[in-house]
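Following: one structure in structure tokens, then a few remarks.
The values are calculated or read from the model by the stated rules, or taken from the named source; none is laboratory data. These figures come from a predicted structure and were not determined experimentally. Cβ: placed from backbone, ideal geometry, glycine included. Neighbour counts: every protein chain shown. These area figures cover heavy atoms from the full protein model, side chains too; ligands, DNA and RNA do not enter into them. Shrake-Rupley method; radii C 1.70, N 1.55, O 1.52, S 1.80 Å.
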Amino acid sequence: MIPTAAPRHRPETHDVPPLAPGETARYFVSPLFPDLDCLTATFTTHSYAPHTHDTYVMGAVAAGVEVWNARGRKHYAGPGDVLFNLPLDVHDGMPHGGGYSYRMTYPSEAFLTGLAGEIAGRRLGTPWFRDNVVHDPEAAALFESALRLLEAGSDGLAAEERLTAAYARVLAR
């Protein structure tokens, strides 16, 4: 079972910039996991200015390619890739080529640390990810499937199982 923690970042409608035709961005919180913020988006021209989150940023690109700068390096992510940003990592984001679609989660440090400890069966330190992008089609598919189910509000057990499996897989890496 995914642990709970206090919610952190609840974007308001005015935080979503004007989008070009064909672009979408939807922040949501599933009633199943009220402490986990999620985003599903498709961008063809939209770029994020450098910013930070007080949470982790974890998810997968479903189509196209996203490019972003973080930790002094340029990163590219496409289908089958899992993306990571640590809390307070300064990063930006923009489409590469024809744009991209992705599904992201924003777990708090307490949330991810609790889940890591639950998976390991013992208390662990704060998770740290060496790489900002990892090619892992299985984890990417788990993130995408779990977030589709959460967004649709259907099959909560399957959504929880897939999301837990995605987090467990990336935490083990």
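Okay, here's what the table says:
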quantity	calculated
5 angstrom amide H check on residue 62, placed H, neighbours 5+ away	101, 102, 103
Nearest-ten-degree value, helix 109-120 long axis tilted from longest Cα axis of the chain	50 degrees
Estimated FRET transfer efficiency when R0 is 30 angstrom, pair residue 96-residue 35 (beta carbons, to 0.05)	0.40
Computed accessible area, residue 56, all protein chains, 1.4 angstrom probe, square angstrom	0 Å²
DSSP-loop trypsin sites (Lys or Arg not before Pro) across the range 45-105, with at most 15 other Cβ within 10 angstrom	71
Among (i) 45, 36, 29; (ii) 43, 40, 33; (iii) 53, 47, 32, the entry derived from the coordinates for Cα extents along the principal axes in Å	(i)
Given charges at Cβ of Lys, Arg, Asp, Glu: the chain dipole, positive-most of 126, 152, 88	126
Cβ-defined net charge surrounding residue 150, 14 Å radius [Lys, Arg +1; Asp, Glu -1]	-3
Residue 124 long-range amide H proximity, modeled H, under 5 Å	117
Rounded accessible area of residue 134 (nearest 10 Å², 1.4 Å probe)	20 Å²
J(HN,Hα) series, the range 76-93, from Karplus relation 6.51 cos²θ - 1.76 cosθ + 1.60, nearest Hz, glycine and proline x	10, 9, x, x, x, 9, 10, 9, 9, 10, 6, x, 6, 5, 6, 8, 10, x
Highest-fluctuation residue, 51, 91, 75 considered, GNM on the chain with Cα pairs under 10 Å	51
Choice from 140, 116, 152 with maximal GNM fluctuation in the chain (Cα, 10 Å cutoff)	152
Mean-position separation - Cα centroids, the range 119-159 and the range 45-104, in angstrom	16 Å
Ellipticity estimate at 222 nm from DSSP helix runs (n ≥ 4, -39,500 (n - 2.57)) divided over the chain, nearest 500	-8500 deg cm²/dmol
Solvent-accessible area, 1.4 Å probe, carbon plus sulfur percent, for the chain	55 percent
